[in-house]
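The values are calculated or read from the model by the stated rules, or taken from the named source; none is laboratory data. Since this is a predicted model, take the numbers as computed values, not measurements. Glycine gets a Cβ as well: all are built from the backbone with ideal geometry, and neighbour counts include every protein chain shown.
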Amino acid sequence: MRISVIGCGYLGAVHAACMAKLGHDVVGIDVDERKIRDLSAARAPFYEPGLEELLTDVQATGRLSFTTDMSAAAGNTVHFICVGTPQKKGENAADMTYVDAATSGILPYLAPGDVVVGKSTVPVGTAARLARLVQDHEPGAHLVWNPEFLREGHAVSDTLSPDRFVYGVPDGSEDHPAVTILDEVYAAPLSAGTLRLVTDHPTAELVKAAANSFLATKISFINAMAEVCEATGADVTRLADAIGMDDRIGRKFLNAGIGFGGGCLPKDIRAFMARAGELGADQALTFLREVDAINMRRRTRVVELTRELCGGSLLGHRVTVLGAAFKPESDDVRDSPALSIAAQLQLQGAVVTVTDPKALDNAAKRFPELQYEPDLDKAIAGADTLLLLTEWQQYKELDPFEVSNGVAGLRILDGRNVLEAAKWRAAGWHYRGLGRP
Ligand code: UDX
């Protein structure tokens with residue numbers, strides 16, 4: 001199958017490489033020349049485990065190329081739209097500029113039988129609108145919405161073997177010609193047992209919004225329980241273990257801590273609320289405002305807890321923040337709770353040093369006023385208080401006795417509840433978790 005992938009960011013670069021891995025001839029197209037230069041040289045423009053090896057591997061086969069020239073899409077049958085839909089400045093709604101530009105850009109190169117496949121997370125109603133554009137331009141072409149559920153840090157395996165495919169086709173019918181074409185694109189994972197569901201356009205768009213809202217709700221639910229645990233002296237991690245043993249609830253996504261961030265969950269629940277408002281269904285999603293509020297409250301809570309840990313004042317207190325990325329195995333700092341906490345602490349008078357194995361360059365672009373130190377030992381040296389805010393493996397494995405040698409004070413706030421409290425306390429540390437006694 002000859003495939004174009006428009007947009008080579010966190011989603012598109014991985015998608016292009018994975019489609020080539022599945023045996024297709026793929027061209028990745030992006031307006032960002034630097035990104036295209038990197039990808040053409042098999043360098044990943046961001047950190048994603050396994051991506052660089054995959055790029056090297058598939059580029060050697062000659063099946064994958066990258067360009068800024070949209071005309072490279074001519075002659076291809078399937079055109080994936082993988083551009084971003086960030087939050088609009090000053091509004092909750094999604095900014096559709098890039099999706100609209102990518103779709104308009106592909107129109108001149110469409111031929112009868114081609115399929116434009118939207119993967120970006122979009123407000124419900126977008127697919128129908130774009131399908132009309134495609135049809136007006138090339139009545140023989142189709143538009144399918146095929147939402148992407150990949151997690152950063154696991155993007156390659158999530159793309160090569162996802163847990164399900166959702167195809168949103170205009171009539172919602174299995175017999176739609178685009179279904180056969182997508183089945184051919186995804187033949188390998190389908191034959192390996194990946195489930196696939198055919199729906200209409202709005203259902204496919206809503207599946208993604210609903211899935212992310214559910215995940216965000218699960219995290220905020222356990223963080224709300226953490227607040228109650230803090231008020232009662234209970235332990236939220238044991239509570240999560242216990243309720244998670246119920247199959248209907250499940251233990252995944254019940255880790256209380258500093259809350260969710262990243263380029264998806266925060267902006268997706270806001271865009272979903274904004275869209276529901278436009279559709280007159282805003283009441284249905286009022287609860288997501290609370291989900292968002294609980295999540296943002298975690299950041300304030302950590303600042304307050306750090307102040308307590310520091311004896312009541314942050315002024316001049318040396319705080320080292322372990323982790324800048326919004327989650328481990330990623331260099332993505334979009335809406336990172338760790339960085340937002342670091343910036344708040346600094347504003348309130350603490351002397352903050354941030355360390356992270358991968359995300360410091362991106363962090364420095366967002367918050368140039370913070371001090372960054374890539375070397376963990378140097379970052380920790382002389383600190384009065386440590387804050388573990390992104391659960392990178394190397395931070396989870398820290399030895400409290402070894403760390404004691406470098407720091408000025410034995411205080412640690414475990415913002416992800418991943419350290420063994422008893423071990424740290426036994427080594428003389430003043431340990432605080434979130435929602436734990
Ligand atoms: C998410 C969805 O998981 C994915 O399906 C969708 O396609 C895009 O959005 P991602 O943003 O990569 O993926 O990260 P995810 O692993 O979902 O984590 C999101 C945030 O929630 C992170 O900040 C993470 O630290 C936080 N989180 C996750 C918790 O605070 N507690 C948990 O139990 C799980």
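Any residue in region 290-313 that is free of Cβ contacts under 8 Å to residues at least 40 places away in the same chain, assigned by TED's automatic domain parsing to the domain that holds ALA209 and within 9 Å of the ligand (Cβ to nearest atom)? Scanning region 290-313, I find no residue that is free of Cβ contacts under 8 Å to residues at least 40 places away in the same chain, assigned by TED's automatic domain parsing to the domain that holds ALA209 and within 9 Å of the ligand (Cβ to nearest atom), so the answer is no. Here ALA256, ALA274 are screened, and the one residue that is away from the ligand (no atom under 11 Å from the Cβ) and either in contact (Cβ under 8 Å) with a residue 24 or more places away in the chain or of a type in the set (Lys, Arg) (or both) is ALA274.
Out of THR61, THR56, THR103, one residue alone is in the same structural domain as ALA13 (by TED's automatic domain parsing), assigned to a helix (DSSP H, G or I), more than 30 Å from MET273 (Cα to Cα) and not charged (D, E, K, R). It is THR56.
Here's a check for you: in region 77-101, which residue that is of a type in the set (S, T, N, Q) and touching a residue at least 12 places away in the same chain (Cβ under 8 Å) is nearest to the ligand (Cβ to nearest atom)? If we take residues in region 77-101 being of a type in the set (S, T, N, Q) and touching a residue at least 12 places away in the same chain (Cβ under 8 Å), then THR85 is nearest to the ligand (Cβ to nearest atom). Within region 324-352, the residues that satisfy the criterion of being more than 10 Å from the ligand (Cβ to nearest atom) and in contact with a Leu (Cβ under 7 Å, 6 or more places away or on another chain) are ALA324, VAL333, ILE341, ALA342, ALA343, LEU345, GLN346, GLN348, GLY349, ALA350, VAL352. A single entry from GLU152, GLU174, GLU148 fulfils the requirement of being part of a loop (DSSP other than H, G, I, E, B), without any contact (Cβ under 8 Å) to a residue 40 or more places away in the chain and among the charged types (D, E, K, R): GLU174.
Within region 98-106, does at least one residue satisfy the condition of being farther than 19 Å from ALA128 by Cβ, buried (at least 22 other Cβ atoms within 10 Å of the Cβ) and touching a helix residue (DSSP H, G or I) at 6+ places or on another chain (Cβ under 7 Å)? No, every residue in region 98-106 fails to be farther than 19 Å from ALA128 by Cβ, buried (at least 22 other Cβ atoms within 10 Å of the Cβ) and touching a helix residue (DSSP H, G or I) at 6+ places or on another chain (Cβ under 7 Å). Taking the condition at pLDDT 95 or above and more than 16 Å from the ligand (Cβ to nearest atom), does SER104 pass? Yes: the conditions hold for SER104.
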